[in-house]
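Report on one structure; see the data block that follows.
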Amino acid sequence: MTLIVGAAVAAFVLVALFIGALSGTLGGTVTGGAGDEAWCQTAPGKVAASQIPARYLALYVKAATAYGIPWNVLAAVGAVESDHGRGEGSGIRSGRNHAGAAGPMQFISGTWDAYKVDGNRDTKKDVYDPADAIPSAARLLKANGAPQHMKRALFAYNHANWYVTKVLDQAATYHRDAGTAACPAVPPASGRAAVAVRAALRWLGTPYSWGGGGLNGPSEGFGRGAGINGFDCSGLTRYAWHQAGISIERTSQRQWTTLPHVPAGREAPGDLVFFKGSLGTMSNPGHVGIALGGGRMIEAPSTGLKVRVSSVRERSDLVGYARPGTRATT
């Protein structure tokens with residue numbers, strides 16, 4: 001089985017891609033140090049838009065954002081498996097093929113049961129509906145090591161080396177005229193701080209979701225974040241530092257009160273930067289981001305917005321800085 005990719009979307013998607021010779025195939029621009037690169041993925045170009053049905057392309061890009069899997073690789077899997085749902089083979093629109101696979105992403109029943117997703121929130125998980133099948137395929141690839149170990153994940157999807165090669169070749173074709181990547185340069189961080197910064201930057205463009213964000217990435221929030229897969233401010237900072245091997249508290253208030261503070265002017269990339277926010281106070285801050293240096297930070301700002309790089313200096317409600325995993329500078 002494999003993935004299907006679809007629909008023309010003009011938004012940039014930041015995803016973590018695997019390291020090495022596949023960078024051209026996946027369309028990434030490396031911005032980090034060896035061993036934990038953060039890659040910025042381009043938007044689909046004319047080749048992808050002309051070859052992939054618009055609905056499918058949109059679903060591929062949406063799944064890429066949610067699961068951190070390159071849209072062009074998802075699309076390539078879909079092309080190889082079912083020509084984006086247009087193939088004449090058995091099992092694509094009904095029934096199953098000779099191997100027992102079904103739907104545009106060609107799931108066998110046991111794997112579908114383990115990874116199926118209600119992508120369009122219609123209370124159904126339909127293997128024949130690309131709105132469900134595409135994010136389910138992205139979820140399966142991620143569970144098998146993508147994007148860092150893409151070849152391994154693709155081999156797990158379909159146990160054949162020719163399949164892995166064919167998918168990656170098709171992914172390169174889709175990427176050939178893709179738009180220019182919009183990637184902020186990774187600041188001169190080092191050690192665990194660099195890991196945390198790169199982990200956060202992978203999710204630029206991810207929706208803000210009140211209560212959203214777990215230790216493994218975006219998740220559905222609650223309250224006004226219900227139905228939105230993403231991060232809130234402290235969910236993003238907690239996720240990023242967890243990738244660096246440091247556990248911190250869940251809320252901005254608890255992060256501020258439990259972490260060592262760093263004097264303003266001595267902050268470094270990777271430090272947490274706290275603000276009063278709309279629901280906090282100067283002693284109990286309601287908002288937090290990750291400092292990038294140069295007066296910038298990455299943050300999950302508020303409902304209706306997306307994870308972004310923004311200015312610290314333009315804020316009038318700065319509370320201070322804190323540094324996970326170390327003692328404060330005095």
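How many nm is it between the label spots at residue 109 and residue 144, if each spot is 7 Å from the Cα in line with the beta carbon?
Each label point lies 7 Å from its Cα, and together they span 2.1 nm.
Extension gain residue 162-residue 318, at 0.36 nm per residue separation less the Cα-Cα distance, in nm?
50.7 nm
For a 19 Å ceiling on Cα separation, which of these pairs sit above it: 125/166; 62/125; 62/116?
On the way: 125/166 28 Å; 62/125 17 Å; 62/116 16 Å.
Correct reply: 125/166.
Quick query: amide H of residue 228 versus all other amide H atoms, modeled in the peptide plane; which residues come in under 5 Å with a sequence gap of 5 or more or a different chain?
For residue 228, the qualifying residues are 221.
Scattering from the C-alpha atoms of the stretch 41-163 alone, worked out with Debye: what is log10 I(q)/I(0) at q = 0.12 1/Å?
-0.38
I'd like the carbon and sulfur percentage of the solvent accessible area for the stretch 265-330, probe radius 1.4 Å, heavy atoms only, ligands and nucleic acids excluded.
Of all accessible area on the stretch 265-330, carbon and sulfur atoms account for 46 percent.
With a 1.4 Å probe and all protein chains left in place, how much accessible area per residue does the stretch 216-313 have, in Å²?
Solvent-accessible surface per residue comes out at 43 Å².
May I ask for the Kirkwood hydrodynamic radius of the stretch 98-220, worked out over all distinct Cα pairs and given in angstroms to one decimal? Write down the numbers at each step before the final one.
Values: mean 1/r = 0.0587 Å⁻¹.
With all distinct Cα pairs of the stretch 98-220 included, I get 17.0 Å.
If packing is taken as the mean number of other Cβ atoms within 10 Å per residue, what is the order of 151-161, 66-76, highest first? Walk me through the numbers on the way to the answer.
Working: 151-161: 17.5, 66-76: 30.3.
Highest to lowest by the protection proxy: 66-76, 151-161.
What does the charge add up to near residue 204, with Lys and Arg as +1, Asp and Glu as -1, over the other residues with Cβ less than 13 Å from its Cβ?
+4
Assuming R0 = 30 Å, what is the FRET efficiency of residue 303 and residue 55, from their Cβ-Cβ distance, to the nearest 0.05?
On the way: r = 27 Å, r/R0 = 0.91.
Efficiency computed from Cβ-Cβ geometry: 0.65.
In Å², and per residue, what accessible area does the stretch 54-185 have when probed at 1.4 Å with the other protein chains present? Numbers along the way, then the final one.
Values: 5690 Å² over 132 residues.
Solvent-accessible surface per residue comes out at 43 Å².
If you filter the stretch 40-89 for trypsin sites (Lys or Arg not before Pro), then keep DSSP loop positions with at most 15 other Cβ within 10 Å, what is left?
86
Once amide H atoms are built 1.01 Å from N in the peptide plane, which residues 5 or more positions from residue 320, or in another chain, come under 5 Å H to H?
For residue 320, the qualifying residues are 274.
Across the stretch 106-118, in residue order, what do the Karplus-derived ³J(HN,Hα) couplings come to in whole Hz, using 6.51 cos²θ - 1.76 cosθ + 1.60 with θ = phi - 60° and x for Gly and Pro?
Karplus values, whole Hz, x for Gly and Pro: 6, 8, 7, 4, x, 5, 4, 4, 7, 10, 5, 10, 8.
Hey, any idea what % of the stretch 81-182's accessible area is carbon plus sulfur with a 1.4 Å probe? Could the numbers behind the result be given before it?
Details: 2410 of 4930 Å².
Of all accessible area on the stretch 81-182, carbon and sulfur atoms account for 49 percent.
Please report the net charge: other residues with Cβ closer than 14 Å to the Cβ of residue 117, K and R +1, D and E -1.
0
The values are calculated or read from the model by the stated rules, or taken from the named source; none is laboratory data. Predicted model only: the values in this text are computed from it and were never measured. Note that we place each Cβ from the backbone using ideal geometry, even for glycine, and neighbour counts take in every protein chain shown. Areas reflect the complete protein model, heavy atoms only, side chains present, ligands, DNA and RNA absent. Shrake-Rupley method; radii C 1.70, N 1.55, O 1.52, S 1.80 Å.
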